[in-house]
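Any read-out appearing in this document is the output of simple, stated calculations on the displayed coordinates, not a laboratory observation. This is a predicted model, so every value here is computed, not measured.
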Amino acid sequence: MKMEEKKLMRHRIAFRPETDDDLEFLYRVYASTRADEMKLVSWTDEQKEAFVRHQFTAQRAHYYGSYVDARFLLILEEGQPIGRLYLHQMPGDLRIVDIALLPEHRGRGIGAMLLRELIDDAGSRGDAVSIHVEIFNPALRLYERLGFELVETHGPNHLMMWRPAEGAPIS
């Protein structure tokens, strides 16, 4: 992507805090991340919907309970919600609790652009950036390309971390 295209894309992207009015949109984002998995089970559509809603509710409760001071943001493109970005600043580490885009907005460079910005911002403070990534998540390759390294594995999740190198350019 050319520099002009990147600048144009960045100009169209903004954030705002999520609210309870956004729950159905947030559910759609979450459900889209589970769609491939749901294709593998032989449940009825109603069973799949009930399962995904339950998982969404449980994940949301976990995030809000475990990351009390986190920023829970909607990613907007030209004012329209296209995804979510949850960030939790810890001493020396910016944790990306979650980042997800609706399927029609994936693969366009938006996620990579946002991750680079987070890395640049954290790196300018000397902070690391960390994220838990499911082992089979296709975005794992993106994190590796951006310099995230495997720290440890817990069940189906890798803890990945980007660390600033002393004296090295950040991006």
Starting from the Kirkwood Rh over alpha-carbon pairs, what translational D in µm² s⁻¹ does the range 108-160 have by Stokes-Einstein at 25 °C and 0.890 mPa s? 211
If a helix is a whole DSSP H run, which ones in the chain reach 20 Å or further along their own axis (Cα) and hold a mean Kyte-Doolittle hydropathy of at least 0.5? 110-124
Run the numbers on the range 1-136 and let me know its relative contact order in percent, using alpha-carbon pairs under 8 Å that are six or more apart. 24
